[in-house]
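Reviewing the structure listed below.
The values are calculated or read from the model by the stated rules, or taken from the named source; none is laboratory data. None of the values given here were measured: they were computed from a predicted structure. A quick note on method: Cβ atoms are made from the backbone with ideal geometry, for glycine too, and the neighbour counts reach across all protein chains shown. The area values use the complete protein model at the heavy-atom level, side chains included, leaving out ligands, DNA and RNA. Shrake-Rupley method; radii C 1.70, N 1.55, O 1.52, S 1.80 Å.
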Amino acid sequence: MSEIPFNTVRHQPQALSALNERAREIFRQIVESYVTTGEPVGSRNLARILPMSLSPASIRNVMADLEHSGLIFAPHTSAGRLPTEMGLRFFVDAMMEIGDVDREEKARIEAQMQAAASRHTFDSALAEASTLLSGISRGAGVVLTTKVDAGLKHVEFVRLDAGRALVVLVSTDGTVENRLVDLPPGLPASALQEASNFLNARLRGRTLDALRADIEAGRKAMKSELDALTERLVDAGLATTVGPSEARQLIVRGQANLLDDLRAAEDLERIRLLFNDLETQKDVIELLARAEQGDGVRIFIGSENKLFSLSGSSMIAAPFRDSAQKIVGVVGVIGPTRLNYARIVPMVDYTARVVSGLLDRPR
């Protein structure tokens, strides 16, 4: 087993830790069957798959005890049993065996993310991480990161029509951002190039906020270099940032995976509610931010978090760090409570480590 630290809330009654070997094995098989199929499992099926010889009647007696303890429940009369959310939490905290990511999967994760980072930008690598986790889990892959204004390498104004222009901002990390600005009436064509030249001469790797402050301080010098209309264009270009220079960025990939393998009308309703949750970005960001509060993988199951109280969903997330070992974001998976926790936990943990490695190298 790999050493993956967990940061979970352990709140099972003391009696649950005293389950005997027979009860633990029956409970394990119920959980593993649920993770694999999503279906209840009954005593006759359990009798066939258990590694020990037990009659269906003996198994039913144990299942009654497990149900009394709050670990399993019967979704329908005379049906098999499913784990409760408390049962899933107990399994994750006390019984789950975490394997390691195999060599081939490690190589694939590293290769795909490094390729995305080298061909495009670090944001592309984060999007790739989200896509990878989505494909692995068949859930939605999510990434939360702190978006900080990088230093600027180049600024260019490109006219679109008589009244609008595009401000192209190229950052030192390779990020390209395009923003629309309104052009002052009567602005000559040469003014766009003059404004670009004026700003590029003063960049020197400054952020947009720092550049704005520098030009404001030298307002008199700008008036002597530029005419009034071009000065207004420069001001418009510098005013294109919205909000603080440091903001939270949420990337979600693979929501369509959540529509696969639906087994009943209630499953479709659950996914509809989860889609509503994912659209409420502020709440998702707040939940992911909780995964930044400590080392290791965080696991949120169902109604343990109010965001998923209706959809009955789970999230597995792990933080990643910059070169100074400061936590700067989170990668994770959101999906139904029957996520394959034992497989996904090490994948999320390893992906977070790869992201940290990308942040630790020069870009």
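A few notes on this one:
- Cα gyration tensor, region 13-95 - rounded (a/c under 1.5), prolate or oblate: rounded
- Measuring nothing but protein heavy atoms, the accessible surface of the chain at 1.4 Å probe radius is 49 percent carbon and sulfur.
- Accessible surface area normalised per residue over region 80-222 is 46 Å², counting heavy atoms of protein chains with a 1.4 Å rolling probe.
- Normalising the average separation of contacting C-alpha pairs (under 8 angstrom, six or more residues apart) by the number of residues puts the relative contact order of region 13-95 at 31 percent.
- Sorted peptide list for 158-167, 205-214, 48-57, criterion being average Cβ within 10 angstrom, highest first: 205-214, 158-167, 48-57
- Candidate lysines - alpha carbon under 29 Å from Lys223, same-chain residues fewer than 8 apart omitted: Lys153
- Think of a 1.4 Å ball rolled over the protein heavy atoms: region 251-363 then has 43 Å² of accessible area per residue.
- Counting only alpha carbon atoms, the long axis of helix 265-279 and the longest principal axis of the chain meet at about 30°.
- Cβ-placed point charges (K, R +1; D, E -1), dipole of the chain about Cα centre in debye, nearest 20: 160
- Percent RCO, i.e. relative contact order, over the chain, from Cα pairs under 8 Å lying at least 6 residues apart: 20
- Peptides ranked, highest mean first, by Cβ atoms within 10 Å: ranges 98-111, 312-325: 312-325, 98-111
- With contributions of -39500 (n - 2.57) from each DSSP H run of at least four residues, the per-residue ellipticity at 222 nm computed over the chain stands at -13500 deg cm²/dmol.
- Protection proxy ranking, highest mean first, for peptides 196-204, 285-293, 122-130: 122-130, 285-293, 196-204, where packing is the per-residue count of other beta-carbon atoms within 10 Å, averaged.
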